[in-house]
């Protein structure tokens, strides 16, 4: 599935850190930054998550909810969140259902070996559940600043 700007963001209900659950519809009326990342506690994913943490207050001051999602299990999210004191919810998508619905579960290649994995991507979803912006194949450096800049310009 390929999502585009103004499409309705696919609804989901998934497990989260702290043995919770979250649904996209929980945030009706609020802007959501949903970022997909490959794996807890790896260099790029850690840098991206810490960047979101460091700008967390600026996002929340704009009324924006940040949600991180990978296919790591809840227990791994708990350790990752605690280790880096991440202030936002981490979603576990072990079955890759949400990743598939958002089109970020893709074939990747490393050293000539092909495998399936999460394409680092970010979705900006408005309070009506519509996708306002999509960043695919995200490069970590300056990504969070770019997302924040767009959020501030839209508010």
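Here are a few things to note about the model shown:
- One residue alone among 76, 53, 83 is at pLDDT 95 or above and either closer than 18 Å to residue 24 by Cβ or touching a helix residue (DSSP H, G or I) at 6+ places or on another chain (Cβ under 8 Å) (or both), and that residue is 53.
- Which listed residue, of 93, 78, is under 13 Å from the mean Cα position of the chain (by Cα) and either more than 16 Å from residue 11 (Cα to Cα) or surrounded by 14 or more Cβ atoms within 10 Å (Cβ to Cβ) (or both): 93
- Residue satisfying all of: in the stretch 106-148; in a helix (DSSP H, G or I) and in contact (Cβ under 8 Å) with a residue 24 or more places away in the chain; surrounded by the most Cβ atoms within 10 Å (Cβ to Cβ) among these: 144
- Each residue in the stretch 31-43 was checked for being over 13 Å from the mean Cα position of the chain (by Cα) and closer than 17 Å to residue 75 by Cα, and 2 pass.
- Considering each residue of the stretch 25-42 in turn, none proves to be free of Cβ contacts under 8 Å to residues at least 40 places away in the same chain, part of a helix (DSSP H, G or I) and farther than 14 Å from residue 126 by Cα.
- Hey, residue 68 surrounded by 13 or more Cβ atoms within 10 Å (Cβ to Cβ) and at pLDDT below 95 or not: no
- The set of residues in the stretch 88-105 being assigned to a loop (DSSP other than H, G, I, E, B) and farther than 26 Å from residue 51 by Cβ consists of 95 alone.
- Criterion (more than 14 Å from the chain's Cα centre (by Cα), outside any strand (DSSP E or B) and either in contact (Cβ under 8 Å) with a residue 12 or more places away in the chain or within 20 Å of residue 82 (Cα to Cα) (or both)) met by exactly one of 2, 46: 2
- The number of residues in the stretch 9-20 being part of a strand (DSSP E or B) and in contact with a strand residue (DSSP E or B) (Cβ under 6 Å, 6 or more places away or on another chain) comes to 4.
The values are calculated or read from the model by the stated rules, or taken from the named source; none is laboratory data. Keep in mind that this is a model prediction, so the values were computed, not measured. Note: ideal-geometry Cβ built from the backbone for every residue, glycine included; neighbour counts use all protein chains shown.
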